[in-house]
Amino acid sequence: MPSPWDDSRRAFADAAGWFVRTTSQVGDRWQQPGLGEWDVRALVGHTSRSLLTVEAYLDRPAAAVEVPSAGEYFRVTREAAAGAAVAARGREAGAALGAEPARAVAEIAGRVLPLVDARTGSELLTTIAGGMRLSDYLPTRTFELVVHTADLATALGAPLDVPATAAAQALRLVADLAVADGRAGPLLLAATGRPVPPGGVSVL
């Protein structure tokens, strides 16, 4: 039977593969609207950071676990994630992809996935939220890859064919966040086609 870590690695790899495939469909649409104030290039740049931060944090060992779960990571980083700096980093990351962004994304994935495959999940990383085990941090990156690749697919008019492994892990995290924050009711209404409160429903 696969271990939870094997499942997480597979979900991350499948999400990364979907991101690479969807990015390859951009063609000449890099300046087209992507998400909010981001064009497609900035959206792809931001999404690529879900891979790049794993690579960077693996080189930054932590002394202790300060953030014990993927859900806690999102709660700790909520305020920072809503700041203007995130938008700026997305644009910077998009610019850093260079003249051939799709190729750059494929190269990043080709570099990062073997790094994850070589780990056990027990490694301690220094993340922006504090010390975490890789096994707890990786699902946050799968979640980001899934959500932002869905944003990219929507911008491109491409199918929302989220890989089942990655979708299942992302949805479990959505459920955990909704329950912990008392938002399960509105989320269930939205997921079953009922009217939801004004402004929609978000677990972030």
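Residue separation times 0.36 nm, minus the C-alpha to C-alpha distance between A85 and S122: what's the value?
10.3 nm
Could you work out the helix-only [θ] at 222 nm for the chain, with each DSSP H run of four or more residues adding -39,500 (n - 2.57) and the total divided by the number of residues, to the nearest 500 deg cm²/dmol? Intermediate values should be presented prior to the final figure.
Numbers: 9 runs with 128 residues, N = 204.
Computed ellipticity for the chain at 222 nm equals -20500 deg cm²/dmol.
Quantify, in whole percent, the carbon and sulfur part of the accessible surface of the range 95-148 (1.4 Å probe; protein heavy atoms only).
C and S atoms contribute 55 percent here.
Could you give each residue of the range 49-64 its phi-based ³J(HN,Hα) in whole Hz, using Karplus coefficients 6.51, -1.76, 1.60 with θ = phi - 60°, and x for Gly or Pro?
5, 5, 8, 5, 5, 4, 4, 5, 5, 5, 8, 10, x, 9, 8, 7
Probe 1.4 Å, all protein chains in place: accessible area of R60 in Å², nearest 10?
Here the accessible area works out near 110 Å².
Please state the shape class of the range 49-204: rounded when a/c is under 1.5, otherwise prolate if a/b exceeds b/c and oblate if not, all from the C-alpha gyration tensor. Mind dumping the intermediate values first?
Values: a/c = 1.69, a/b = 1.21, b/c = 1.39.
Cα axes put the range 49-204 in the oblate bin.
Once you have the Cα-Cα distance between E92 and E55, take 0.36 nm times their residue separation minus that, and quote the gain in nm to one decimal.
In short, 11.6 nm is gained.
So how much slack lies between R111 and D28, counting 0.36 nm per residue of separation and subtracting their Cα-Cα distance, in nm? Spell out each step's value before the answer.
On the way: separation 83, 0.36 × 83 = 29.88 nm, distance 2.51 nm.
Between R111 and D28, full extension yields an extra 27.4 nm.
So, for the range 123-165, what is the accessible surface per residue at a probe of 1.4 Å, expressed in square angstrom? Walk me through the intermediate numbers first.
Working: 1420 Å² over 43 residues.
Using a 1.4 Å probe on heavy atoms only, each residue of the range 123-165 averages 33 Å².
Through the Karplus equation 6.51 cos²θ - 1.76 cosθ + 1.60, θ set to phi - 60°, convert the phi angles of the range 148-162 into ³J(HN,Hα) values in whole Hz; use x for Gly and Pro.
Once rounded to whole Hz, the list reads 7, 5, 5, 4, 5, 4, 5, 5, 8, x, 8, x, 8, 8, 5.
The values are calculated or read from the model by the stated rules, or taken from the named source; none is laboratory data. From a predicted model like this one, the values you see are computed outputs, not experimental measurements. SASA here: full protein model, heavy atoms, side chains in, ligands and nucleic acids out. Shrake-Rupley method; radii C 1.70, N 1.55, O 1.52, S 1.80 Å.
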